[in-house]
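Chemist: Would you mind keeping the following structure in view while I ask a few things?
The values are calculated or read from the model by the stated rules, or taken from the named source; none is laboratory data. Note that the structure is a prediction, hence the values are computed from the model and not measured. Glycine also receives a Cβ, built like all others from the backbone with ideal geometry; neighbour counts cover every protein chain displayed. Areas reflect the complete protein model, heavy atoms only, side chains present, ligands, DNA and RNA absent. Shrake-Rupley method; radii C 1.70, N 1.55, O 1.52, S 1.80 Å.
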Amino acid sequence: MIKLNCAVLTISNSRTAANDTSGDYLVDQLQRAGHQCLERAISPANRYELRKIVSAWIANPQLHVIITNGGTGFGPEKNTVAALQPLFDHTITGFGEHFRQLSFEDIGSSAMQSDAIAGLANQTVIFCLPGSTNACRLAWTRLIREQLNSQHKPCNFADHCASKS
């Protein structure tokens, strides 16, 4: 299995290191899957600050995966997609579609309020998730974990990202 180097960014105007349960969950799951979390940050939902952080991570040849949580629903902190999608070389269209489909099974029509999205930039895969721990758990267990496993067939993102370093 290919061990990937990852970064986790929590996007929130209220979360701190003490109460970032979604970020904690993602870091724990990445490590349990055999990957390393090299970078972790919490940032306010300012689109320019988000671009600055994620652009630096995309440019880092040691990072293969970036997972953000927060700022994808309707509300004052909804800046994630506007900030990060312009950085994508390619959008992974199926990710958002499948996430909302799976989320619909859990929370019904409220799933349509999520702008969860994923893309590739400089051979770095980027997943932008909602901020709730339940949403992060859903995305991890049903979509992301398999795609970061180099042994998953017929295809996975680990093979694409690992060639970056």
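Chemist: Can you tell me which residue among Thr21, Thr16, Thr93 is touching a helix residue (DSSP H, G or I) at 6+ places or on another chain (Cβ under 6 Å) and open to solvent by 20 Å² or more (accessible area, probe 1.4 Å)?
Modeler: Unique residue meeting the criteria: Thr21.
Chemist: May I ask you to list pairs of residues, at least six apart or on different chains, whose Cβ atoms are under 7 Å apart, with the first in segment 1-26 being of a type in the set (Phe, Trp, Tyr) and the second being open to solvent by less than 20 Å² (accessible area, probe 1.4 Å)?
Modeler: Tyr25/Cys136
Chemist: In this structure, is Leu138 aliphatic (A, V, I, L, M), in contact with a Lys or Arg (Cβ under 6 Å, 6 or more places away or on another chain) and farther than 21 Å from Ile58 by Cα?
Modeler: It is false that Leu138 is aliphatic (A, V, I, L, M), in contact with a Lys or Arg (Cβ under 6 Å, 6 or more places away or on another chain) and farther than 21 Å from Ile58 by Cα.
Chemist: Among all residue pairs at least 6 apart or on different chains, which show Cβ distances below 9 Å where the first residue, located in segment 98-123, is on the phi < 0 side of the Ramachandran plot and the second is of a type in the set (Asp, Glu)?
Modeler: Taking only residues 6 or more apart or on different chains, the pairs are Ala111/Glu105; Gly119/Asp89; Leu120/Asp89; Ala121/Asp89.
Chemist: Additional query: Among the residues of segment 42-58, write down those that are over 11 Å from Leu9 (Cβ atoms) and among the β-branched types (Val, Ile, Thr).
Modeler: Ile58
Chemist: Okay, moving on. Which condition does His35 not pass, out of (1) open to solvent by 20 Å² or more (accessible area, probe 1.4 Å); (2) more than 14 Å from the chain's Cα centre (by Cα); (3) at negative phi, if it passes all the others?
Modeler: So the condition that His35 fails would be (1).
Chemist: If Phe99 satisfies every condition in (1) within 25 Å of Ala162 (Cβ to Cβ); (2) open to solvent by 70 Å² or more (accessible area, probe 1.4 Å); (3) not polar (S, T, N, Q) but one, which is the exception?
Modeler: (2) is the only condition that Phe99 fails.
Chemist: Mind listing whichever residues of segment 106-165 are open to solvent by 50 Å² or more (accessible area, probe 1.4 Å), of a type in the set (Gly, Ala, Ser) and assigned to a loop (DSSP other than H, G, I, E, B)?
Modeler: Ser132, Ser163, Ser165
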